[in-house]
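Reading through the C-alpha cells given below for one structure.
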Amino acid sequence: GTLFIGAIIAMIVAIPLGLMSAIYLTQYADPALRRWVKPALEILAGVPTVVYGYFAALTIAPAIRDLAMSLGVSNPSSESALAAGLVMGVMIIPFVSRWPTIRLPQCPARCATAAWRWVRRVRKRSSA
C-alpha cells in the first residue's frame with residue numbers, strides 16, 4: 001500500500017504539477033505573480049503532515065467515496081489509497097517545483113532555445 005500511495009499516485013500528481021508550475025513561474029509568469037506564488041508554495045511546504053491528513057480525512061476521502069458511489073462502485077470506503085495519494089502528491093509539489101525554479105533561470109539561452117525547437121519539432125511530427 002505504501003509503495004502504491006507514495007510512488008505511484010503521489011508522483012502522478014506531484015511531478016507534472018510541480019514541473020509545470022516551475023516552468024510557468026520561471027518562463028511565463030509576470031514578476032508580480034511570481035513574487036506572490038513562490039512564497040505560497042514555500043508555505044505549502046511548511047504545513048505539517050497532520051494538517052494534510054486531517055484535510056484528506058474530512059474532505060477528499062468522502063468526496064472520492066461519493067464519486068465512487070455515483071459511478072456504481074459497490075461498497076466504497078472513505079479510507080482510500082487514492083485520497084491519501086492525492087493529498088500526498090499536493091504535499092510534495094513544493095519540493096518538486098523548487099529545484100527547477102532555481103535551475104531553469106541558470107540555463108543558458110541557447111540551450112533553452114534548442115529545447116523549445118525540439119519540443120516544437122516533436123509536436124509538429126505528432127500532429128501530422
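With respect to R98, determine if the residue is of a type in the set (K, R), under 24 Å from L3 (Cα atoms) and more than 17 Å from the chain's Cα centre (by Cα).
Judged against the criteria, R98 is not a match.
If a residue has to be touching a residue at least 12 places away in the same chain (Cβ under 8 Å) and open to solvent by 80 Å² or more (accessible area, probe 1.4 Å) to count, how many in segment 18-31 make the cut?
Within segment 18-31, residues that are touching a residue at least 12 places away in the same chain (Cβ under 8 Å) and open to solvent by 80 Å² or more (accessible area, probe 1.4 Å) number 1.
Quick one: in segment 96-128, which of the residues that are under 30 Å from A61 (Cβ atoms) and of a type outside the set (V, I, T) is least open to solvent (accessible area, probe 1.4 Å)?
S97
So, in segment 66-95, how many residues would count as being part of a helix (DSSP H, G or I) and either open to solvent by 70 Å² or more (accessible area, probe 1.4 Å) or within 20 Å of G6 (Cβ to Cβ) (or both)?
The qualifying residues number 19.
Any chance segment 66-87 includes a residue that's at pLDDT 85 or above and within 30 Å of P31 (Cα to Cα)?
The answer is yes, given that some residue of segment 66-87 is at pLDDT 85 or above and within 30 Å of P31 (Cα to Cα).
Tell me whether segment 45-60 contains one or more residues that are surrounded by 11 or more Cβ atoms within 10 Å (Cβ to Cβ) and not in a helix (DSSP H, G or I).
yes
Go through (1) under 13 Å from T101 (Cα atoms); (2) of a type in the set (D, E, K, R); (3) surrounded by fewer than 16 Cβ atoms within 10 Å (Cβ to Cβ); (4) out of contact with any Leu (no Cβ under 6 Å at 6 or more places or on another chain) and name the single condition R34 misses.
(4)
The values are calculated or read from the model by the stated rules, or taken from the named source; none is laboratory data. Bear in mind the structure is a predicted one, so any value in this text is a computation, not a measurement. Note that each Cβ is placed from the backbone with ideal geometry, even for glycine, and that neighbours are counted across all protein chains shown. Heavy atoms of the whole protein, side chains included, go into the accessibility calculation; ligands, DNA and RNA do not. Shrake-Rupley method; radii C 1.70, N 1.55, O 1.52, S 1.80 Å.
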